[in-house]
Amino acid sequence: MEKSLYQLTALEMSGALTSGNISSERLVLDCLERIRTLDESVGAFLHVDEASILAQARASDQRRLQGATLSTLDGVPVALKDVIAVAGEPLTCASRILENYKSPYDAHVTKLLKAAGVVLCGRLNMDEFAMGSATENSAFKRTANPWNLKHSPGGSSGGSAAAVAAGMVPMSLGSDTGGSIRQPAAFCGVVGIKPSYGRVSRFGLAAYASSLDQIGPLARTVRDAAALLQIIAGADPKDSTCMRRDVPDYLAETMRDPGCLRIGLPAEFFAEGLDAEVRKSVLEAADFFAKQGHEIVDIQLPLTKLAVPVYYIIATAEATSNLARYDGIRYGHRSDIAVDAIDIYYKSRGEGFGEEVKRRIMLGNFVLSSGYYDAWYVRAQKVRTLLRAEYMNAFDKVDLILTPTTPGAALRQGEHREDPLQSYLEDVYTIPANLAGLPGISLPCGFVASGLPVGLQLLAAPFAEDRLLQVASQYERAHRFAGLRARIGGDEQ
Amino acid sequence: MNYEAVIGLEVHVQLKTRSKMFTRVATGFGAAPNTLVDPVILGLPGALPVLNRHAIEQSIKVGLIFESTIPEVCKWDRKNYWYPDSPKNYQITQYDQPICVGGSVEIELPGAARNIMGEHRYIQLTRAHLEEDVGKLTHGDNDSLVDYNRAGTPLLEIVTEPVLTSAEEAVAFLNSLRMHLTAAGISDCDMEKGQMRCDANVSLRPIGSSVLGTRTEMKNLNSISGVKNAIEYEIRRQSRILERGGQVVQETRRWDADSGMSTAMRGKEDAHDYRYFPDPDLLPVRIPPATLQRLRAELPEAVFEQQRRYQSQYDLPYTLTSVICYDHHLSKYFEAAVAEYPEGAKGIANYVANELQRERSAAVGEGMLPMEQVKILPAQLAQLVRIVDGGKITKQNAKEVLSTMFATGADPVGIIRELGFDQTTDSSELESICREAVDANPVAAEQFRAGQAKALNSFIGPVMKATKGKGNPAVIQEILRRILAGQ
């Protein structure tokens, strides 16, 4: 049976566009139709400007007619997390404080996507300012997990993962500060890549924690994700932390035989707290790699247990300063009842920020306060340095690290909110990559009995995305999880 | 008891760069409000700072001028505080690894008179660190307006050790800083335009004590006289408190130039907790030794060194060097002219420090015509001085030539010819004119021969009149002497 358009991967769409079987307009009409039908129940999108999306698609079709396509993905739709700036479009960060804000400029990745002819297809829901792990901290709506609408899609890039998992768009961009791409990718059964720190420009990404944030792709296949990473990776003079390093041909890397590698299984990631079904799926993946001729090595990363506290000190310290600009003076929400400048700050921020954002701002202020700075912030930085060294040493012994992406499958909606601290601890497997600046990929590796997906995480040394893609592709080619899409309503799988 | 003042200064200097500290928007003064802005300056979501290399180099030069240590690495920190003039509500600055450490500034205290050189001292610097300027607030009755044009301008904060002892020293420090920084093209240091701003920490202690007293910080010192008056006021205020047995309260005080008084702004307990931490958006800056070498080579001679050299090399008096060396426009002009006529340094110095200044002052209603607008080229001035030194025209006539050169920019030779100032050196013509003058005044001739040397002057006037001022006075005197001696 011929596939419906939404069932196609991005590269299949690209192929269909190239062969002239479909137009970009036809593609995005199908996406828009699907968003209209499904998003009421999924809640992945915050904003969809149909006129602009159609105009972009028609422009792409025009280019194709003239033989002037801009890239492989010209005419293919990509949706962006509402934290990445697009000139003239809303940039709310899922916060009341930016509810009516539109960005006057393009993020660097936006410029690159436009230059590649990609159709920017709507703004995706998220946890407010990317703070959260369930997309329940959005000021505007909840997002459901397409695999089971009663469950959370994860977060903070929950909209990015859900939209892809539900087949509303083939690909999306998210941002990952402590796991915000990989964890929702795992929960929604899609592929998510957090690039090395400095691989993708952060210019135009509303900052949460500057030393940890990275933009990355989510897609239904490793190859799609590689194709999107290809477009957004590379140096940008407007981001001083973005590295000037060559960008490999990531799509070609997905087809390259990785040879025989040493793959480390860190004991700390398989210890207490890991769901038994998740463990089983992930260890099966390890067995698969052993059969492919890779050597599976038990390793230890004892500082991993400190990753969560270190993260919540450094991330909140940076966040408290990064979010200070949302003050109601120049743009964004300004309280109607403020009487003077200081009052504008207090009331606008009091009304504009949600509970979790306020909690992290308070935490950040605390750890930076005089008298506490050395005990908290400075010590956290020292531990971060040690942790980075521990991971770098591990990469002297192994080529890749293989772990579960999350301790369990997606939680039910609301479960995250009950105990913030417990929720923070759930991020323990993803946070180390951010602290150490490593690239990481999450890809589907099975399901738990309840039918929810399980995510496999692979980590590599900085700028070894090519190796991650080789090995992830090797796994994907041999398993039926590739291109998975959740079935909603009367969908056909 | 007698007290002595201990003063430390924090001087903010706006660096002269084309673009701002962390983005490529132009810097400038006087543009329409909020036109020199972009996403970075306005602190829009997603905007990131990118370092202006030129600001780093300008700051390094300041360190090199004052012989500071330039550490191999300096880094950036965020200073967090809430005020609407700060678009991000944090300022990017350097907290614990500044670009310049230590060093000293040579200052000259006022001399006993204008033509007498004052005492020189060296003022130790603690550090100089680079940061971004904030916007400007204008307060109305019911609202406040903010202009972010100034925001993000590179600002170097130069901090002295608490080693100054009087308002005069503080003023001398600022003057020295201004002379050195303008000469090196680092800043225009115009306090009226906010290009140089000063805070002063003032404390008193019994003379002879080595323990520092409680200090107050004086803010809003927007002019040299403001610095002087505010420090003098604060010394008086503190000494009155101490003399009646009271205690000075550690606080920040705002100077009000109109009332000539300062008022308490905030006390120690209200001091901000700036929650400094390293800025994660910017990498530390590594400064290789080669950069220091290159920048050192670009520096002009230090002001007082130049003054000492002029004294010894050209034998110039303080009255001239203090005019020429203390204004880099004049010293550059002087150097260029001397390069054309090295033997004429003294004459050139005289013209630069006196005649040229007079013309510049006369050319405009108030102040001086800027040197960039002076039409006389250094080479032309050198030419004029060479002509005067050669005895070809009188000094009196040379002044008129200079005036014409100043007005037209024409070469002196042509002007001299046009004005008919070419000195008559044809001695046979001069000889007959002199003879006529002696014959016309036998009384004076008799007096001279009787030993009254001054009587010679009686002949010079008529001779000059007869030559229409073109006669060379020295030559005329020689001829007259010969005639009167009966040769």
Dipole moment magnitude, nearest 20 debye, segment B:330-369 about Cα centre, only Lys, Arg, Asp, Glu C-beta charged: 80
May I ask you to order A:148-161, B:319-332, B:359-372 by the average number of other C-beta atoms within 10 Å around their residues, highest value first? A:148-161, B:319-332, B:359-372
Amide H partners (placed H, <5 Å) of B:Met218, local residues excluded: B:Ala200, B:Asn201, B:Val202, B:Arg253
Quick check: at a probe of 1.4 Å, how many percent of the accessible area of chain A sits on carbon and sulfur atoms? 52
List B:Phe29, A:Phe203, ordered by accessible area with a 1.4 Å probe, largest first: B:Phe29, A:Phe203
Per the rule of 0.36 nm per residue minus the C-alpha distance, extending B:Lys136 to B:Ala407 adds in nm 93.4 nm
Toward the positive end of the charge dipole of segment B:274-394, about the Cα centre and with charges on Cβ (Lys, Arg +1; Asp, Glu -1), which of B:Ala363, B:Gln306, B:Ile376 goes farthest? B:Gln306
The size of the Cβ-based charge dipole (Lys, Arg +1; Asp, Glu -1) of the protein assembly as shown about the Cα centre, to the nearest 20 debye, is 620
Taking N as its residue count, the alpha carbon Rg of segment B:372-424 over 2.2 N^0.38 Å: 1.02
Of all DSSP beta bridges having both residues in chain B, the percent classed as antiparallel (nearest 5) is 90
Quantify how strongly other chains surround peptide A:364-372 by giving the mean number of their Cβ atoms within 10 Å of each of its Cβ atoms. 3
Karplus couplings for segment A:273-289 from phi (6.51 cos²θ - 1.76 cosθ + 1.60, θ = phi - 60°), rounded to Hz, Gly and Pro as x? x, 8, 4, 4, 5, 5, 4, 4, 4, 5, 5, 4, 5, 4, 4, 4, 5
Which of rounded, prolate or oblate describes segment B:129-179 when judged by the alpha-carbon gyration tensor and an a/c cut-off of 1.5? prolate
Extreme residue, positive dipole direction of segment B:3-291, given options B:Ser86, B:Tyr274, B:Ala184 (C-beta unit charges): B:Ala184
From the residues B:Pro110, A:Gly178, A:Val48, which one has its Cα farthest along the dipole of the protein assembly as shown in the positive direction, the dipole being from +1 and -1 charges on Cβ of Lys/Arg and Asp/Glu about the Cα centre? B:Pro110
Ordered by packing density, taken as the mean number of other Cβ atoms within 10 Å over each peptide's residues, highest first, how do A:400-412, A:439-451, A:119-131 rank? A:119-131, A:400-412, A:439-451
Under 5 Å, built H, 5+ apart or other chain: amide partners of B:Ile123: B:Val105, B:Glu106, B:Ile107
Per 20 Å bin from zero, what fraction in whole % of the C-alpha pairs of the protein assembly as shown is there, up to the bin with the longest pair? 12, 33, 25, 17, 8, 4, 1
Shielding of B:270-282 by other chains, given as the mean Cβ count within 10 Å, works out to 6
Please report the spacing between the Cα centers of segment B:458-483 and segment A:289-332 in Å, no decimals. 96
In whole angstrom, how far apart do the alpha carbon centroids of segment A:424-476 and segment B:25-57 sit? 39
Through the Karplus equation 6.51 cos²θ - 1.76 cosθ + 1.60, θ set to phi - 60°, convert the phi angles of segment B:245-257 into ³J(HN,Hα) values in whole Hz; use x for Gly and Pro. x, x, 10, 6, 8, 6, 7, 9, 10, 9, 7, 10, 5
Applying the gyration tensor rule to the Cα atoms of segment B:427-484 (axes a ≥ b ≥ c; rounded if a/c under 1.5, else prolate if a/b exceeds b/c, else oblate), the class is prolate
Out of residues 5 or more away from B:Asn34 or on other chains, whose amide H comes under 5 Å of its own, with H placed 1.01 Å from N in the peptide plane? B:Tyr148, B:Asn149
Regarding segment A:147-232, what whole-number volume in Å³ per residue does the convex hull of its Cα atoms give? 85
For segment B:3-291, just say rounded, prolate or oblate: build the C-alpha gyration tensor, square-root its eigenvalues into a ≥ b ≥ c, call rounded for a/c under 1.5, and beyond that prolate if a/b exceeds b/c, oblate if not. prolate
Computed log₁₀ I(q)/I(0) - Debye formula, equal Cα scatterers, no solvent, chain A, q 0.10, 0.11 Å⁻¹: -0.68, -0.84
To the nearest 20 debye, what is the magnitude of the charge dipole of segment B:302-419 about its Cα centre, counting +1 on the Cβ of each Lys and Arg and -1 on the Cβ of each Asp and Glu? 180
If you count, for every residue in A:315-327, the Cβ atoms of partner chains within 10 Å of its Cβ, what is the mean? 5
Please list 3J(HN,Hα) in residue order for segment A:198-204, calculated via the Karplus relation 6.51 cos²θ - 1.76 cosθ + 1.60 where θ = phi - 60°; whole Hz, with x for glycine and proline. x, 7, 10, 5, 9, 5, x
Taking only Cα atoms of chain B, what ratio of Rg to Rh do you get with Rh as the Kirkwood inverse-distance radius? 1.12
Determine the percent antiparallel among the DSSP beta bridges restricted to the protein assembly as shown, to the nearest 5. 80
Using a Debye calculation, one point per C-alpha and no hydration shell, please list log10 I(q)/I(0) for segment A:212-370 at q = 0.11, 0.13, 0.14, 0.18 Å⁻¹ in order. -0.81, -1.00, -1.08, -1.23
If one computes P(r) from the Cα atoms of segment B:302-419, what percent of pairs lie at distances over 16 Å? 57
Listed peptides A:349-358, B:110-119 by packing density, highest first (mean Cβ within 10 Å): A:349-358, B:110-119
Measuring with a 1.4 Å probe in the full set of protein chains, what accessible area per residue, in whole Å², belongs to chain B? 47
Of the beta bridges DSSP finds with both residues in chain A, what % are antiparallel, to the nearest 5? 70
Residues of segment B:48-71 that bury at least 30 Å² of accessible area, probe 1.4 Å, when all protein chains are present rather than the chain alone, are B:Leu48, B:Val50
Only residues of segment B:313-331 count here: report those whose backbone N is under 13 Å from the spot 7 Å along Cα→Cβ of B:Glu372, or say none. B:329
q = 0.16, 0.17, 0.20 Å⁻¹, segment B:8-143: log10 I(q)/I(0) [Debye, one scatterer per Cα]: -0.94, -1.01, -1.23
Students sometimes get this wrong: rank A:Val339, A:Val200 by accessible area, probe 1.4 Å, all chains present, largest first. A:Val339, A:Val200
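The values are calculated or read from the model by the stated rules, or taken from the named source; none is laboratory data. In this text the structure is predicted, and so the values were computed from the model without any measurement. Heads up, the Cβs are rebuilt from the backbone with ideal geometry, glycines too, and the neighbour counts pull from every protein chain shown. When the accessible area is computed, the model is the full protein with side chains, heavy atoms only, and any ligands, DNA or RNA have been set aside. Shrake-Rupley method; radii C 1.70, N 1.55, O 1.52, S 1.80 Å.
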